[in-house]
1. Report the relative contact order of the range 1-93, percent, no decimals, based on alpha-carbon pairs under 8 angstrom and at least 6 residues apart.
2. What nm value, rounded to one decimal, do you get for the distance between ALA237 and VAL282 when each label is placed 7 Å out toward the C-beta?
3. Sort THR45, THR350 so that the residue with the fewest other Cβ atoms within 10 Å of its own Cβ comes first and the one with the most comes last.
4. If you average 1/r over all unlike Cα pairs in the chain and invert the result, what Kirkwood radius do you get in angstrom?
5. Work out, step by step, the length gained on full extension between ALA338 and ARG262: first 0.36 nm times the residue separation, then minus their alpha carbon distance; give nm to one decimal.
6. Within a Cβ distance under 15 Å of ALA97, other residues only, what is the Lys/Arg minus Asp/Glu net charge?
7. How much FRET efficiency would the formula 1/(1 + (r/R0)^6) give for TRP176 and LEU250, where r is the Cβ-Cβ distance and R0 is 35 Å, rounded to 0.05?
8. Ordered by packing density, taken as the mean number of other Cβ atoms within 10 Å over each peptide's residues, highest first, how do 71-82, 278-289 rank?
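A short reminder: the numbers here are calculations on the coordinates, not readings from a lab. What you see is a predicted model, and the numbers here were worked out from it, not measured in a lab. Here the Cβ positions follow ideal geometry from the backbone for every residue, glycine too, while neighbour counts run over all protein chains shown.
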Amino acid sequence: MTNRWAELAILAAARVAMGAQFQVVGALGPLLIGSLAADWAQLGTLIGAYSASGVLVALPAGLVMARLGDRAVLLLGVGLMALGGIVLALAGGFGMAMAGRLVSGIGGALLAIACAKMVLDRFSGPALSPALGMMLVAWPSGIGLSLIILPLLGADWRGGLWLSAAVCAGSFVPLWFALPKGAGAGAAPARRGGLLRSEWGPLLSAGAIWGFYNAAFVVALGFTPAVLVSRGWTSEAAGGVTSLISFGILPLLPMGGALAERMGRPILVTVGCMLAMAGCLVAVVAGLAPWPWLLAFGVLAAPPASLVMAMVGRALSAPSRAFGMGVHYTLFYGALAALPPLAGLARDVTGAPAAPLWAAVVFLAIALAAVPVYLRLASRKPA
């Protein structure tokens with residue numbers, strides 16, 4: 001297969017499986033309390049554990065990818081996702097559940113890093129933003145499918161865990177048989193020594209924006225169902241309305257960033273969308289009807305996704321991509337490992353079901369504060 005858009009579709013399908021696996025704990029959350037998690041902080045830890053292992057493997061993965069190639073890292077990642085999913089489905093308590101989430105998280109990290117580099121190698125110029133959007137849209141698609149399908153299993157939370165593991169195993173097949181072994185047209189030999197000095201500042205600041213923005217998105221998805229259940233909603237209804245976040249992001253995610261770039265206002269669109277996302281969460285906390293605000297939250301989350309990833313891409317030259325994506329995803333997974341447990345702890349400490357959503361608002365504020373830092377540092381980077 002040599003068509004780069006067909007290759008992108010295969011990568012996106014694997015990311016759908018990754019999104020579904022990531023969200024399986026959040027979607028089944030209330031059912032796991034008392035079985036795999038003792039309290040809400042432990043539930044948040046299981047959510048964050050998927051990302052915790054990425055902190056340790058992201059940087060080495062970038063180095064390994066430079067030596068062994070993208071495809072090998074990609075296949076290893078999907079295999080570990082399936083293995084970790086099986087361990088989680090067999091778990092009888094928190095310890096084994098953590099082990100399963102960590103193993104599958106390592107696989108998810110390898111998949112994410114390889115996918116991002118492969119897209120940057122295959123697309124550039126006007127095609128980059130829509131290609132990144134198509135890659136990114138797969139993850140919330142998987143999350144949304146988890147939120148809708150898993151509650152239909154009722155109290156059979158273990159069946160939901162097995163279903164997630166099976167989807168990951170199934171995604172290995174098209175990657176093995178249909179994805180070519182060659183590198184993309186924009187690939188270049190990795191630079192010895194990693195990044196140029198001028199690339200560190202823009203990369204780290206863009207990584208901070210990406211990490212806190214994604215943490216807010218994940219916390220909203222993971223904890224909104226519990227907020228609604230505390231107000232008398234059934235778990236099925238709460239999961240269904242929360243899935244509006246994931247499905248709201250879908251229409252604009254492939255092209256929202258490209259449209260903002262065409263308008264010549266990518267930074268203004270990014271800042272405006274994040275501010276409005278925070279406002280939507282405040283409206284839900286205030287007790288307003290959740291469905292329009294959660295849908296709006298998802299729609300508004302779309303344009304910043306590809307725009308911020310494009311900022312990361314612009315911070316890196318082609319020889320720096322393998323190592324640079326390892327650095328970027330170290331920051332990303334560090335944020336997702338540390339911040340959801342803090343959101344869960346906020347509920348345990350305050351006793352307020354909506355406390356995690358307030359934490360998500362704070363995360364968005366920090367992401368916004370990092371935008372001017374990126375602009376200042378990027379302006380100093382040589383062309």
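1. Values: 30 pairs, mean separation 27.3, N = 93.
Once divided by the residue count of the range 1-93, the mean separation gives 29 percent.
2. Rounded to a tenth, the inter-label distance reads 2.8 nm.
3. Values: THR45 22, THR350 12.
Final ranking by Cβ density, sparse to dense: THR350, THR45.
4. 20.4
5. Here the segment from ALA338 to ARG262 would lengthen by 23.8 nm.
6. Working: positive: ARG101, ARG158; negative: ASP39.
With Lys, Arg at +1 and Asp, Glu at -1, the net is +1.
7. The computed FRET efficiency comes out at 0.80.
8. Sorting 71-82, 278-289 by mean packing, highest first, produces 71-82, 278-289.
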